[in-house]
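Asks: My questions will all concern the structure given below.
The values are calculated or read from the model by the stated rules, or taken from the named source; none is laboratory data. All of these numbers come straight from a predicted model, not from anything done at the bench. Ideal geometry is used to build each Cβ from the backbone, glycine not excepted, and the neighbour counts take in all protein chains shown.
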Amino acid sequence: MPHIDRVVFFCLLSCCGALALAATGARTAIYDSVCEDAREISSTSLGLPMPPAHWKATAERRREMWREMLGLSPLPERTPLEATVTGVLERGDYVVEKVHFQCLPGAYVIGNIYRPAKVTGKLPAVLYLCGHTKGKVNAPYQANPRWFGQHGYVALVLDPIQLGESQGLHHGTYREGRWDWQSRGYTPAGTEVWNAIRALDYLETRADVDPERMGVTGLSGGGVISWCLGAADERVKVVVPVCQSGSVEHVAVDRATDGHCDCAFWINYYRWCWPDLGALIAPRAFLIASGTEDVLWRPYGYRDVALRIRHQYAALGAAERFDLVEDLTPHGYTPKLRRAIFTWFNTHLKGDPTPVTDDVTDFVEPEENLLVFGGKLPENDQMRRIDTLLVKQADPPEVKDEAQWRTHQKAAIERLRQLTFRHVARHPSPRRREFRSDGSSGGGTSVATYVFDTSDGLTLDLRTARPAAAEWPIPTVAYAVQADAPSTFSGGGRSRPALRGQIATAGVEVRNTGVTSVGPGYLWTLRRIYPMLGHTLPERQVQDLLDGIAVVRQEAATGPVAVFGRGATAPLAIYAAILDPRVSEVILSGPPESHEDPATPEFLGILRIGDLPQNLALVYPRPITFVGSMPKAYEWTRQVYEKLGAGDRIRVVASVQQWQPR
């Protein structure tokens, strides 16, 4: 090897090593920013207990906010339950009824009723919610409702969706790549809560149930839905989650999201933590039961949550109606936990505080005896598509005239700011750390690097390329660097649009690009934990792009700023332009056509406001340029512009080189 080649070779090795170290540090920075965000949410959640007057005045608004985070605002229509008992098992002192009902037309909820063999009068009822095993036929999920049925309760145990005889899907982002769930504002927790609400509706229709004495409990996944239902529906008078209590900080710091399917979390638009749910359950009887060795929910999380809730109960004069019981055990029941749970229900639904001394029996009913459909499931069960049915999606808006569209435009943009982009700064305030002049290319272009801190404190790079001989201010096109771009060297690398003429470019290395790429070892976790912080990764990238635009606008050299997006970065450009009315034009190359496509970048609840073509039209009357061709879905956008007399402001150019500012 010639001497000069060795020098270059070792220089390249040194640069690569430095970049690797930078990438490692940046990956840690993103993880640290997530942990810091989660700590803020958990540490401020119910930090001060609400005085009774404030608690009462805000309760309904908070409950509606909670239902919204479950995808249940507005609540779906309560259609006929069509409840059907398909069989009865007589077991001496108790009876098992095999029952199904429909939470929505054609969407089946399946369960077993355990009740005393002899019923005189109306009994208290317990809704028992299962974790993620075989559902109602699993031995512990038989034993617990059976105890209630043998001790003077009507207990209804439900199959969770995707388990037992219930159809549907729990593992959307966990296993199936269903990132559209976040865009829909859908979580299977919402389905489970809706199923449970309809189960309460069913229990209220029974002659043997006292509707004023209903409670809920469940283990694991059933524990978290016990929290969720108790906060959503005041008909539940006793709430006892088992081994499913913790904090946002815990699931972020320990990456405990990796051990949970999607039903463990809500769409956290308002950045709540578990104490906020506890404040909605208060002052009803509430017992948290936990195992100290539970790998999924650690004591430092649930103990702090319990302390905050305890203070709220005390402030409401109901300290005796909240408690925490724990045992030295992994995820699951122990005799100590069960007896405390049974005593709690007896105390608050029967008025009998006598400590329970007996426990569940060892008997296990053969699984086939408990099947409601006898092994033949309904073929057209709408529960299979509940993720597309439950949450109300926006219809394309009607376009009448300029005044009507302007009214819709204003309302829709504000709704985007209040929901999907609630945590994107209205007035970006990045901090510029450093400027480096990186030299000039042979084509007379000056390139430079800006280092800046985003509005939420992450440090990113911005790569500019400016025609050296251009008159100031120079029209500028800002863009987000592609996630798979191997380099942004010398002005932006291959992510930079190949514009011609006197046009500058500004490439923002939004998070998870360049040196902030987290890689597959954390990306899946990151995309799943962000919604619990009120974010998605693409939403944070929109914030980064807006911050980068704010940085470049600080230069006198910068003229009107347009935004460019190609493929996955096209939605970032669209929403940056919607949120920043100073963006002069939107340039799109191969944009995705719908947020219903799981491959399209996800934004929390965006489909509740509009899909991509409808949202793009919100930039009216600013110009829109499609590069190569305009995807069919965007014909809707064109028609809006034409109806408003601005059809000439949407154009198609064969290549980005042909683009010039309007």
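Asks: Keeping to region 330-347, report how many residues are outside any loop (DSSP other than H, G, I, E, B) and not charged (D, E, K, R).
Replies: Final tally of qualifying residues: 10.
Asks: Out of the helices (runs of 4 or more DSSP H) lying entirely within region 489-578, which hold 3 or more residues that are among the hydroxyl-bearing types (Ser, Thr, Tyr) and not assigned by TED's automatic domain parsing to the domain that holds His260?
Replies: Because the criterion is at least 3 residues that are among the hydroxyl-bearing types (Ser, Thr, Tyr) and not assigned by TED's automatic domain parsing to the domain that holds His260, no helices (runs of 4 or more DSSP H) in region 489-578 meet it.
Asks: Let me ask another. Looking only at region 77-95, how many residues end up being surrounded by 14 or more Cβ atoms within 10 Å (Cβ to Cβ) and either acidic (Asp, Glu) or touching a Lys or Arg at 6+ places or on another chain (Cβ under 8 Å) (or both)?
Replies: Residues flagged as surrounded by 14 or more Cβ atoms within 10 Å (Cβ to Cβ) and either acidic (Asp, Glu) or touching a Lys or Arg at 6+ places or on another chain (Cβ under 8 Å) (or both) within region 77-95 amount to 5.
Asks: So, in region 299-322, how many residues would count as being touching a Phe, Trp or Tyr at 6+ places or on another chain (Cβ under 9 Å), buried (at least 17 other Cβ atoms within 10 Å of the Cβ) and not hydrophobic (A, V, I, L, M, F, W, C)?
Replies: 7
Asks: Before we move on, is Ser589 at pLDDT 95 or above, in the same structural domain as Ile650 (by TED's automatic domain parsing) and surrounded by fewer than 20 Cβ atoms within 10 Å (Cβ to Cβ)?
Replies: No: the conditions fail for Ser589.
Asks: Residue under question is Ser487, and the condition is that it be farther than 22 Å from Thr569 by Cα, at pLDDT below 95 and out of contact with any strand residue (DSSP E or B) (no Cβ under 6 Å at 6 or more places or on another chain); does it hold?
Replies: no
Asks: Out of Val364, Val325, report the one residue that is aliphatic (A, V, I, L, M), assigned to a loop (DSSP other than H, G, I, E, B) and touching a residue at least 24 places away in the same chain (Cβ under 8 Å).
Replies: Going through Val364, Val325 in turn, the sole match is Val364.
Rundown of residues vs (1) under 22 Å from the mean Cα position of the chain (by Cα); (2) in a helix (DSSP H, G or I); (3) closer than 28 Å to Trp147 by Cβ, yes/no style:
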site	(1), (2), (3)
Trp194	yes, yes, yes
Ile197	yes, yes, yes
Leu200	no, yes, yes
Val238	no, no, yes
Ser245	yes, no, yes
Trp266	yes, no, no
Asp276	yes, yes, no
Pro283	no, no, yes
Ile288	no, no, yes
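Asks: Restricting attention to region 42-74, report how many residues are in the same structural domain as Thr187 (by TED's automatic domain parsing), on the phi < 0 side of the Ramachandran plot, touching a residue at least 24 places away in the same chain (Cβ under 8 Å) and within 22 Å of the chain's Cα centre (by Cα).
Replies: Of the residues in that region, 10 qualify.
Asks: Looking only at region 584-617, which residues are within 16 Å of Gln409 (Cα to Cα) and either assigned to a loop (DSSP other than H, G, I, E, B) or small (Gly, Ala, Ser) (or both)?
Replies: Selection gives Ile609, Gly610, Asp611, Ala617.
Asks: In region 391-406, which residues are among the aliphatic types (A, V, I, L, M) and more than 17 Å from Ile609 (Cβ to Cβ)?
Replies: Answer for region 391-406, where residues must be among the aliphatic types (A, V, I, L, M) and more than 17 Å from Ile609 (Cβ to Cβ): just Ala403.
Asks: From Ala425, Ala394, Ala412, which residue is outside any helix (DSSP H, G or I), under 29 Å from Ala646 (Cα atoms) and among the hydrophobic types (A, V, I, L, M, F, W, C)?
Replies: Ala394
Asks: Tell me, please, whether a residue that is assigned to a strand (DSSP E or B), of a type in the set (A, V, I, L, M, F, W, C) and in contact with a His (Cβ under 6 Å, 6 or more places away or on another chain) can be found in region 102-109.
Replies: Among the residues of region 102-109, not one is assigned to a strand (DSSP E or B), of a type in the set (A, V, I, L, M, F, W, C) and in contact with a His (Cβ under 6 Å, 6 or more places away or on another chain), which makes the answer no.
Asks: Output the qualifying pairs, or none if there are none: Cβ atoms under 7 angstrom, residues six or more apart or on different chains, first residue in region 415-438 and touching a residue at least 12 places away in the same chain (Cβ under 8 Å), second residue acidic (Asp, Glu) and part of a strand (DSSP E or B).
Replies: Partner pairs satisfying both residue conditions: Pro430/Asp453; Arg431/Asp453; Arg433/Asp453.
Asks: Assigned by TED's automatic domain parsing to the domain that holds Glu97, modelled with pLDDT under 95, aliphatic (A, V, I, L, M) and surrounded by fewer than 15 Cβ atoms within 10 Å (Cβ to Cβ): which single residue out of Val295, Val364 fits that description?
Replies: Result: Val295 is the single residue among Val295, Val364 that is assigned by TED's automatic domain parsing to the domain that holds Glu97, modelled with pLDDT under 95, aliphatic (A, V, I, L, M) and surrounded by fewer than 15 Cβ atoms within 10 Å (Cβ to Cβ).
Asks: Here are Gly230, Gly278, Gly259: which of them is without any contact (Cβ under 8 Å) to a residue 40 or more places away in the chain and either of a type outside the set (Phe, Trp, Tyr) or crowded, with 24+ Cβ neighbours inside 10 Å (or both)?
Replies: After ruling out the rest, the residue left standing is Gly259.
Asks: Out of Gly230, Gly172, which single residue is more than 30 Å from Pro366 (Cβ to Cβ), at pLDDT below 95 and assigned by TED's automatic domain parsing to the domain that holds Ala340?
Replies: Selected residue: Gly172, the only one of Gly230, Gly172 that is more than 30 Å from Pro366 (Cβ to Cβ), at pLDDT below 95 and assigned by TED's automatic domain parsing to the domain that holds Ala340.
Asks: A further question on this structure: Quick one: would you say Leu337 is touching a strand residue (DSSP E or B) at 6+ places or on another chain (Cβ under 6 Å) and either modelled with pLDDT of 95 or more or not assigned by TED's automatic domain parsing to the domain that holds Gly87 (or both)?
Replies: Considered against the rule, which asks whether it is touching a strand residue (DSSP E or B) at 6+ places or on another chain (Cβ under 6 Å) and either modelled with pLDDT of 95 or more or not assigned by TED's automatic domain parsing to the domain that holds Gly87 (or both), Leu337 comes out as yes.
Asks: I need every pair where a residue in region 81-103 that is closer than 16 Å to Met383 by Cβ and among the β-branched types (Val, Ile, Thr) has its Cβ under 6 Å from the Cβ of a residue that is at pLDDT 95 or above and not in a loop (DSSP other than H, G, I, E, B), sequence separation at least 6 or different chains.
Replies: Taking only residues 6 or more apart or on different chains, the pairs are Thr84/His100; Val99/Val85; Val99/Gly111; Val99/Ile113.
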